[in-house]
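Visitor: Pasting a structure here, questions to come.
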Amino acid sequence: MAHSFLRTLITFLLALLLPNLAHGADAPPKWLELRLGTIGAASADVLKSALNEIDKDKMDGLLIILDTPGGSLEATRTMVQDMMAAKVPVVVWVGPDGAHAGSAGTFITLASHVAAMAPGTNIGAAHPVDISGRNIDDKSDLRSKIENDTVAFMQSIADARGRNREMAASFVSNSLSITAQEALENKVIDVIAPDLKTLMKGLDGRDVKIGETTRKLQTANAELVPFERNFRHELLEIISNPNLFYLLFIVGLLGLAFEITHPGVVAPGVIGAISLILALIASSMLPVNFGAMLLILASVVFMVAEIFLPSFGALGVGGLIGFVTGSILLIDDKAEPAMRISRWLIIPTSLFLLAFFLGLGWLVLRNVRAKAKTGVETLLGAEVEAVEYFIDGHGRVRIFGEYWNATEVNHQTVKPGDRLHVEAIDGLNLKLRLLQPTRKD
């Protein structure tokens with residue numbers, strides 16, 4: 001009887017477990033799908049977050065869908081470094097039809113383990129230009145240095161991925177732009193695929209080199225998981241907009257210039273400093289995390305300065321705004337757990353700072369409206385005691401342990417011990433009005 005019960009129990013458990021085990025064995029590989037447009041600080045941050053998510057969730061690879069006119073060279077260098085160091089295959093598909101991988105997009109496409117394009121797309125025109133989009137001065141040494149450095153950067157990527165070195169260099173030096181078919185024929189890309197389904201089926205079984213090891217792709221039935229941007233990424237994309245970056249940069253310079261020429265106004269200086277730091281983050285001149293810490297540090301300085309240099313809230317409010325913005329940029333909930341800061345920590349901290357500076361502002365306002373507690377102004381409205389007979393309206397009184405010369409404004413007779421009210425102060429002489437007279441016996 002016991003053996004029969006045990007056999008039934010084992011059969012029941014196996015019936016529950018085996019389908020799950022089979023399902024686990026047959027589970028399709030998961031690839032993270034990331035869409036990129038204009039390349040900037042936000043793009044570099046998003047790519048890093050995507051690779052962290054892949055590592056955390058044990059996914060099999062990253063598929064980048066690219067359609068970009070270009071962007072920041074500094075952000076591009078950061079992205080290429082991350083792609084080169086990736087522990088999973090990175091596939092870039094320039095698509096759909098009509099898309100292009102211009103300028104910075106060329107570097108990113110060539111840096112992928114597998115480069116693919118849709119029919120009707122193009123790639124190239126990667127010559128460096130200045131921040132306004134114009135060519136760097138032809139006669140300057142700076143142009144030659146930047147161009148040579150960028151050519152070498154492109155060639156190093158081509159060498160690492162086994163692509164056409166000469167054509168890669170020509171993308172930079174001659175602003176060459178070619179079609180998808182020309183890119184395939186010249187070994188700039190590996191695959192032409194009209195859509196993602198065709199692409200993933202076509203990549204199945206292909207060997208790619210990850211570091212020192214070779215991995216065979218299993219993509220025929222891969223599940224594509226869209227990458228979800230968090231609030232930090234959205235904020236970075238907003239400030240990385242070229243138009244907004246330009247405005248932040250100009251406002252930053254004007255604000256600081258106004259504060260320098262008009263010391264003590266405070267508000268333009270605070271706005272200018274915060275705007276300039278955000279502009280430097282947006283342009284990738286400052287790494288996002290470093291820029292965020294700098295913004296928090298500047299905000300703390302503003303808030304501390306509010307205590308010593310009351311600005312009716314300009315320093316405190318500006319510091320609070322900068323603190324919250326810097327904290328948001330510092331947080332990435334897709335980072336490794338050990339490096340992650342809880343966004344819920346920002347809320348109580350910000351509320352505490354808000355309450356602190358509201359209280360500070362109230363104290364400052366009350367102090368401004370309150371009567372003076374020191375100096376001769378404290379004598380106005382006070383009651384004093386006569387210490388002698390007033391002769392022709394003049395005599396001496398005692399107040400706060402001090403003796404003052406005084407004049408009775410109504411020319412009343414004043415005797416020692418009489419109480420008088422201070423009406424005004426004329427230098428070292430008090431103008432008094434006699435209250436109900438009293439006499440000392």
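The values are calculated or read from the model by the stated rules, or taken from the named source; none is laboratory data. Note that the structure is a prediction, hence the values are computed from the model and not measured. Cβ: placed from backbone, ideal geometry, glycine included. Neighbour counts: every protein chain shown.
Visitor: Out of 425, 399, I need the residue that is touching a helix residue (DSSP H, G or I) at 6+ places or on another chain (Cβ under 8 Å), crowded, with 17+ Cβ neighbours inside 10 Å and β-branched (Val, Ile, Thr). Which one? Before the answer, list the steps.
Guide: On the way: 425 fails: crowded, with 17+ Cβ neighbours inside 10 Å.
Every option except 399 fails the conditions.
Visitor: Here are 152, 168, 158, 180: which of them is small (Gly, Ala, Ser) and free of Cβ contacts under 8 Å to residues at least 40 places away in the same chain? Give the steps one after another, and end with the answer.
Guide: Values: 168 fails: free of Cβ contacts under 8 Å to residues at least 40 places away in the same chain; 158 fails: free of Cβ contacts under 8 Å to residues at least 40 places away in the same chain; 180 fails: free of Cβ contacts under 8 Å to residues at least 40 places away in the same chain.
Every option except 152 fails the conditions.
Visitor: For the range 208-219, which residues satisfy the criterion of being touching an Asp or Glu at 6+ places or on another chain (Cβ under 9 Å) and exposed (fewer than 14 other Cβ atoms within 10 Å of the Cβ)? So that I can check it myself, show each step before the final result.
Guide: Filtering the range 208-219 down to residues touching an Asp or Glu at 6+ places or on another chain (Cβ under 9 Å) leaves 214-219.
Those that are touching an Asp or Glu at 6+ places or on another chain (Cβ under 9 Å) and exposed (fewer than 14 other Cβ atoms within 10 Å of the Cβ): 214, 216.
Visitor: Read through the list (1) at pLDDT 90 or above; (2) more than 22 Å from the chain's Cα centre (by Cα), then give the number of the only condition that residue 43 fails.
Guide: All conditions pass for residue 43, except number (2).
Visitor: Out of 249, 231, I need the residue that is touching a residue at least 24 places away in the same chain (Cβ under 8 Å) and surrounded by fewer than 16 Cβ atoms within 10 Å (Cβ to Cβ). Which one? Give the steps one after another, and end with the answer.
Guide: Values: 249 fails: surrounded by fewer than 16 Cβ atoms within 10 Å (Cβ to Cβ).
Testing whether each residue is touching a residue at least 24 places away in the same chain (Cβ under 8 Å) and surrounded by fewer than 16 Cβ atoms within 10 Å (Cβ to Cβ) leaves just 231.
Visitor: In the range 258-282, which residues are under 12 Å from residue 44 (Cβ atoms) and at pLDDT below 85?
Guide: Step one: of the range 258-282, the residues under 12 Å from residue 44 (Cβ atoms) are 281-282.
If the condition is that a residue be under 12 Å from residue 44 (Cβ atoms) and at pLDDT below 85, then 282 is the only one that fits.
Visitor: Let me ask something additional. Grab the helices (runs of 4 or more DSSP H) fully contained in the range 165-249, keeping just those with 1 or more residues being among the small types (Gly, Ala, Ser), more than 30 Å from residue 280 (Cα to Cα) and not assigned by TED's automatic domain parsing to the domain that holds residue 278.
Guide: Values: elements: 165-173, 180-185, 196-203, 231-239.
Helices (runs of 4 or more DSSP H) meeting the threshold: 165-173, 180-185, 196-203.
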